[in-house]
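One structure is given below, encoded as structure tokens.
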Amino acid sequence: GLKDVGERVFYYKLAYSAVKSAFFPDLTSLSSDYACANMFYSCKFLTSVDMENLTVVNARESCGYMFGYSEIPSVGLKNLTTISGLSGCSNMFYGCSKLIKAIVENLTTISGQQGANNMFNGCSKLIKAGLENLTTISGRQGCTGMYYGCASLTKEYFPMLTTVTQADAMGFASYNLMFGNCTGITELHFRKDAQAAIEGLTAYSSKFGA
């Protein structure tokens with residue numbers, strides 16, 4: 001089966017189409033530029049996608065706007081562990097206004113410039129981010145706006161998070177507005193041995209947007 005995708009192989013291939021479901025049960029990595037960028041862009045009838053064995057995204061815009069402005073209600077990425085490279089998952093679910101659940105429970109590392117930048121931006125119905133195993137946030141704007149505008153999120157837990165890069169030499173925080181404009185968020189929880197350091201970061205509350 002398909003285990004990786006070459007450069008621009010699925011670029012805009014199904015955008016604006018009436019496709020309802022897609023299955024990639026053997027896909028384990030995305031390591032080529034624009035491999036699946038805009039693949040399901042604005043697919044208004046999309047209801048299910050199987051990408052549960054995807055573990056690593058590491059390239060420029062591999063998943064850029066992959067589901068952007070589609071109306072998919074949920075997606076399972078339960079084996080995704082690493083987002084790295086230049087904007088690997090940037091804008092992946094941007095504007096998915098009907099997305100309720102995105103399972104990324106085994107994601108441990110977000111790194112690289114804009115690795116998860118705006119990944120769930122505008123997913124106003126998303127009720128759970130599922131970052132329980134995230135250990136590292138690093139890279140220039142690695143998580144900038146990752147959950148921006150996810151108004152239905154209320155609480156988030158980071159029991160494994162130990163490493164947060166505040167900024168690079170140019171002054172760009174890796175987590176800038178990660179939860180920006182998440183108007184429903186009331187609580188963010190960190191492990192005790194890391195909480196003081198994380199909350200002590202410059203402009204912590206405004207950077208995380210909580």
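The values are calculated or read from the model by the stated rules, or taken from the named source; none is laboratory data. Bear in mind the structure is a predicted one, so any value in this text is a computation, not a measurement. Note that we place each Cβ from the backbone using ideal geometry, even for glycine, and neighbour counts take in every protein chain shown. Note: areas computed on protein heavy atoms with side chains; ligands, DNA, RNA excluded. Shrake-Rupley method; radii C 1.70, N 1.55, O 1.52, S 1.80 Å.
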Residue among Thr162, Thr186, Thr28 farthest towards the positive dipole end of the chain, charges placed on Cβ
Thr186
Specify which residue in the list Ser111, Thr82, Cys96 is farthest towards the positive end of the charge dipole of region 74-155, using unit charges on the beta carbon of Lys, Arg (+1) and Asp, Glu (-1), about the Cα centre.
Cys96
Would you please classify the overall shape of region 34-114 from the alpha carbon gyration tensor, given that a ≥ b ≥ c denote the square roots of the eigenvalues, rounded means a/c under 1.5, and beyond that prolate means a/b larger than b/c while oblate covers the rest?
oblate
Rounded to the nearest 500, what is the 222 nm mean residue ellipticity of the chain from helices alone, with -39500 (n - 2.57) per DSSP H run of 4+ residues and division by all residues?
-1500 deg cm²/dmol
May I ask you to give the percent of accessible area on the chain that is carbon plus sulfur, with a probe radius of 1.4 Å?
51
For a protection proxy built on the mean count of beta-carbon atoms within 10 angstrom, sort 80-92, 39-51 highest first, please.
80-92, 39-51
Radius, Kirkwood style, for region 1-157 when every pair of distinct Cα atoms is counted (Å)
14.8
Averaged per residue, what accessible surface does the chain expose to a 1.4 Å probe, in Å²?
42
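Magnitude of the Cβ-charge dipole of region 1-108, K/R +1 and D/E -1, about the Cα centre, nearest 20 debye?
Values: 9 positive and 9 negative charges, 58 e Å.
Once rounded to the nearest 20, the dipole reads 280 debye.
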The farthest towards the positive end of the charge dipole of the chain, of the residues Met66, Leu14, Gly200, given +1 on Cβ of Lys and Arg and -1 on Cβ of Asp and Glu, is Leu14
Label-point gap, in nm, between Ser74 and Thr154 - each point 7 angstrom along Cα→Cβ
1.8
